[in-house]
Structure formats: C-alpha cells, structure tokens
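Following: one structure in structure tokens, then a few remarks.
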C-alpha cells in the first residue's frame, strides 16, 4: 500500500487531524548553480532530480488541499447546525420561564400551602395534582433544555477543534508554499545558466477516436498539449500532473481528487495488458506522478517544472500501476 494512503481513507471531520508534520517533511535542498555553468547533461540531471523532489512536495500539497477543502465543508455543516440549536435553547428557556410564571401566579408554591389553604380534602388533592403536573412539565422542559445545551456545547467543541486544526494546516501550507517557490526559482536559475537550452523530444502521435467518457478524457488531455506546467494547478491555463488527469476526466463526467495517490485509490486497478486509451498510469513508489494513456505506448502528461503538457512514452519513469476511472 503506498505511504500516501493516509490521505486516501479519512473521515470528513476526524481526518482533519492528520499528522502533517511527517507529511510535509523538508526535502533535500536543490543544488545551487555554480558560477560557471556545468555541462548540459549535468545541469539537465540536476533539474530532473530537483523536479522529482518538487513533484513529491507538490503532490503532498495537493493532498493537503483536498483534506483542507473537506475540513472546511464539514466546518460549514457544523456552523449551519449551531444557529438553529441556539434558537432551540432560547425557545426552551422561554417555555421554562412561562411555566414558572404560571406556577407562581395561579398555584400556591408549596405542597404545605396546598394542604393548609385548601377548603376540603378534594380541593387539596386537586391542588397537589396541579402542582405535580406543572412540576412534571417544568422538569421536562428543563431536561429538554439541558439536552439542547449539551448538544450545542458538543457542536461548539467540534467546531473549535476543526478551527484549531485548520489553523495549523494553513500555517504549514504557507511555509511549504514558500519553500516550493524558492525551489522553483532555483530550477529556473539552473536552466538560465545553461549555455544551450535542451527540450523534451516531441512525439507526434494523434490518438484514435474513442467513444464514451474515456475518449472525451483523452481528447481533453490532447487539447491541453503545450500548456505550461504549474504546481497545484488544474487548468485551464496550466496544470500539474494530477491536475491534468483530474481535469481530463472531469470533462468526461468523472470526479477525481487532485492528488495522484488519491486517484490511484479512487480508480479500478488493471494490468498493463488491459490498458486502453483514457486509463491512468501511476509512477514511482510512493506514487507522486500520474499520466493518461492515449494508445500506441504513449501517454499525455504534465511532466515537471519547465516542461509543458505533452506526449511521452509510457516507460519514461518507473511505473507503479494502472487504473481505470469511471
């Protein structure tokens, strides 16, 4: 089971407390450019190594974004429940107060008074019966009030915990975002330092038309070729790897999370011999890259920083597995 499975099986509210400290552990620093640019092969290797590190962080970022969105949704549900509960508490208190007023104005306030001030035994029994009935009503109202207060306080406590977790996650994400941006800047400097700019070989392959959702997903991905890679992005102007596959299958009417490991857990697993256009190909262990298969041994992917969405051979990176959405 891939280590990122901690993101794949959480309850909407309880999972807000995932151990993000381990998840967002700092990665090794990207090597700084030397004063004299190294050979093109060396700098390409450095860029690729740094990009691989970044992609892991980016996929973790995407996963945390998913959990944060679900936490916020749960928080909104709890918040929507708090107001009506508060109104019920106020209403119950008003009913209890009304019972107290009735008891005070219309009935002697003690059992002794009911007995001593009664004109006859029957009158005394009637008064006692009235007292018991009103006392029961009051006790019921008070019990209802206490129950509502308990529910209200439990909801408030849950909301407070969610808010605390949310604040911690947000702070970690802000720090992680700054680190990612710094690493991207270093990559761009490495690229600029090179005497000759390398480019990924272009594969000219036009996928065959396929009907149904898979065909729509492939066509969408094909239409994105040439758009820039951007971490955390799911279009329409740029993409990261899981953002591209998520958007492609969204165009086909299938919902996927914005994280490659989560996508692996959300799809049916298939073998390589079962691959057909539209299926997803997952890379590395732990999973931190995903692409969409288009036939002929080719994939469309948002590869890494500095390289746009394009077609590549399926075996360009270590494959973890294959999946079929829908």
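We did not get these values from a lab; they are worked out from the coordinates using the rules stated. These numbers come from a predicted model, not from an experiment.
Taken as Cα centroids, region 243-270 and region 273-326 sit 12 Å apart, rounded to the nearest whole angstrom.
Between residue 94 and residue 52, the contour length at 0.36 nm per residue exceeds the Cα-Cα span by 8.7 nm.
Could you tell me whether region 202-326 comes out rounded, prolate or oblate from its Cα gyration tensor? Rule is a ≥ b ≥ c as square roots of the eigenvalues, rounded for a/c under 1.5, then prolate if a/b exceeds b/c, otherwise oblate. Rounded, because the longest to shortest axis ratio a/c is under 1.5.
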